[in-house]
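Student: Here you go, one structure.
The values are calculated or read from the model by the stated rules, or taken from the named source; none is laboratory data. Source: prediction; values computed, not measured. Cβ coordinates were reconstructed from backbone atoms using ideal geometry, including for glycine residues, and neighbour counts include every protein chain displayed. In case anyone asks, the SASA skips ligands and DNA or RNA and just uses the protein heavy atoms, side chains included. Shrake-Rupley method; radii C 1.70, N 1.55, O 1.52, S 1.80 Å.
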Amino acid sequence: PINIQWRDSVYDPHLKPLKIHYDPTTCLYIWNNGYSFQVEFDDSADKSVIMGGPLENHYRLKQFHFHWGAINEWGSEHMVDSKVYPAELHLVHWNPVTSTSFEEAIMENNGLVVIGVFLKLGAHHAGLQKLVDALPAVKHKDTIVEFDVFDPSCLMPSCPDYWTYDGSLTTPPLTESVTWIIKKTPIEVDQNQLEEFRMLLFTSAGEEEKRMVDNFRPLQPLMNRTVRSSFR
Ligand SMILES: NS(=O)(=O)c1ccc(NCc2ccco2)c([N+](=O)[O-])c1
Ligand SMILES: [Zn+2]
């Protein structure tokens, strides 16, 4: 993740609006993978896809997960002008045109697109609450619960503005296969909802409990990369 310096980002008039078409019935289940909680989708067809923006073709939604802090003062992976948010949502998509599977796309250039959405402390988020209500069922690592109908579009801010840059996965295998699309406007969630995230555990049942918090990667140098913005 990088610190997006608004003044260093370059407005690109050729960037199109991002088009998102998620089919809520492609939602499969939620599980605790020992790093975050993840909602997995049926990616066997072009049912939940994104296109437009900086993308050459469409990409299929595979999963979404979050990163958050132990307290509200930190938690997001990206920052904007050194401002950090208490949490960040990642919606992970893969390129079915150049790869035959998600696992293959992870290793490909432009194999993945991850949409990042900042979460800020504020009003209760009714759409997120459906997710939060399922968290006690995946408290421990490697636990899973069915989650049959959910439309992740409800977690998207209405403002179309985003930054985009080429980067990598923020956890191993850290492959440089990701086109990052970071939404400018955060969504609001309330304190209780953030605290439910913090009640998850990194550890399996029976092990000494370790709270799942601070599951974000530290900032990395931008090097010679350019961050483009879709807005002036
Ligand atoms: N925070 S992130 O969106 O960049 C991220 C990090 C890791 C992985 N995956 C780790 C992995 C999968 C197979 C082997 O290893 C993914 N992902 O899978 O989309 C996304
Ligand atoms: Zn992530």
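Student: Step by step: first the residues of the range 13-23, then only those that are open to solvent by less than 50 Å² (accessible area, probe 1.4 Å) and over 17 Å from the mean Cα position of the chain (by Cα), then the one that is nearest to Lys62 (Cα to Cα). Which residue is that?
Tutor: Asp23
Student: Quick check, is Ser48 of a type in the set (Gly, Ala, Ser), open to solvent by less than 10 Å² (accessible area, probe 1.4 Å) and within 14 Å of the chain's Cα centre (by Cα)?
Tutor: Values: of a type in the set (Gly, Ala, Ser): yes; open to solvent by less than 10 Å² (accessible area, probe 1.4 Å): yes; within 14 Å of the chain's Cα centre (by Cα): no.
In short, no.
Student: Every residue in the range 97-110 that is over 30 Å from Gly69 (Cβ atoms) and either among the aromatic types (Phe, Trp, Tyr) or away from ligand 1 (no atom under 12 Å from the Cβ) (or both), please.
Tutor: Val97, Thr98, Ser99, Thr100, Glu108, Asn109, Asn110
Student: If you don't mind, there's one more thing I want to ask. Where in the range 46-107 are there strands (runs of 3 or more DSSP E), lying wholly inside it, with at least 1 residues that are touching a helix residue (DSSP H, G or I) at 6+ places or on another chain (Cβ under 7 Å) and within 16 Å of ligand 2 (Cβ to nearest atom)?
Tutor: Numbers: elements: 49-52, 59-68, 87-94.
Ranges flagged: 59-68, 87-94.
Student: Across the range 116-138, which residue is farthest from Thr179 (Cα to Cα) among those that are among the small types (Gly, Ala, Ser) and open to solvent by 10 Å² or more (accessible area, probe 1.4 Å)? It would help to see each step written out before you state the result.
Tutor: Filtering the range 116-138 down to residues among the small types (Gly, Ala, Ser) leaves 116, 122-123, 126-127, 134, 137.
Going one step further and asking which of them are open to solvent by 10 Å² or more (accessible area, probe 1.4 Å), we end up with 122-123, 126-127, 134, 137.
Values: Gly122: 29, Ala123: 30, Ala126: 29, Gly127: 26, Ala134: 30, Ala137: 32 Å.
For the range 116-138, the residue satisfying everything is Ala137.
Student: With the requirement that a residue be under 22 Å from Val213 (Cβ atoms), within 16 Å of ligand 2 (Cβ to nearest atom) and touching a residue at least 24 places away in the same chain (Cβ under 8 Å), what does the range 134-181 give you? Break it down stepwise before answering.
Tutor: Filtering the range 134-181 for residues under 22 Å from Val213 (Cβ atoms) gives 134-145, 155, 169-172, 174.
Remaining after also requiring within 16 Å of ligand 2 (Cβ to nearest atom): 155, 169-172, 174.
Selection gives Leu155, Leu169, Thr170, Thr171.
Student: Of these, Thr164, Thr143, Thr170, which one is in contact with a Ser or Thr (Cβ under 7 Å, 6 or more places away or on another chain) and on the phi < 0 side of the Ramachandran plot? Explain how you work it out, then say what you get.
Tutor: Values: Thr143 fails: in contact with a Ser or Thr (Cβ under 7 Å, 6 or more places away or on another chain); Thr170 fails: in contact with a Ser or Thr (Cβ under 7 Å, 6 or more places away or on another chain).
Within the list Thr164, Thr143, Thr170, the selection yields Thr164.
Student: Here is a further query. At pLDDT 95 or above, crowded, with 18+ Cβ neighbours inside 10 Å and within 11 Å of ligand 1 (Cβ to nearest atom), is that true of Val113?
Tutor: On the way: at pLDDT 95 or above: yes; crowded, with 18+ Cβ neighbours inside 10 Å: yes; within 11 Å of ligand 1 (Cβ to nearest atom): yes.
Spelling it out, Val113 is indeed at pLDDT 95 or above, crowded, with 18+ Cβ neighbours inside 10 Å and within 11 Å of ligand 1 (Cβ to nearest atom).
Conditions tested, residue by residue: (1) β-branched (Val, Ile, Thr); (2) open to solvent by less than 70 Å² (accessible area, probe 1.4 Å); (3) over 21 Å from Leu200 (Cα atoms); (4) within 16 Å of ligand 1 (Cβ to nearest atom).
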site: Tyr11; (1), (2), (3), (4): no, no, yes, no
site: Tyr29; (1), (2), (3), (4): no, no, no, yes
site: Asn32; (1), (2), (3), (4): no, yes, no, yes
site: Asn57; (1), (2), (3), (4): no, yes, yes, no
site: Leu61; (1), (2), (3), (4): no, yes, yes, yes
site: Trp68; (1), (2), (3), (4): no, yes, no, yes
site: Asn95; (1), (2), (3), (4): no, yes, yes, yes
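Student: Here is a follow-up. In the range 19-54, what count of residues is obtained for those that are closer than 14 Å to Leu91 by Cα and touching a Pro at 6+ places or on another chain (Cβ under 7 Å)?
Tutor: Residues in the range 19-54 being closer than 14 Å to Leu91 by Cα and touching a Pro at 6+ places or on another chain (Cβ under 7 Å): 1 in total.
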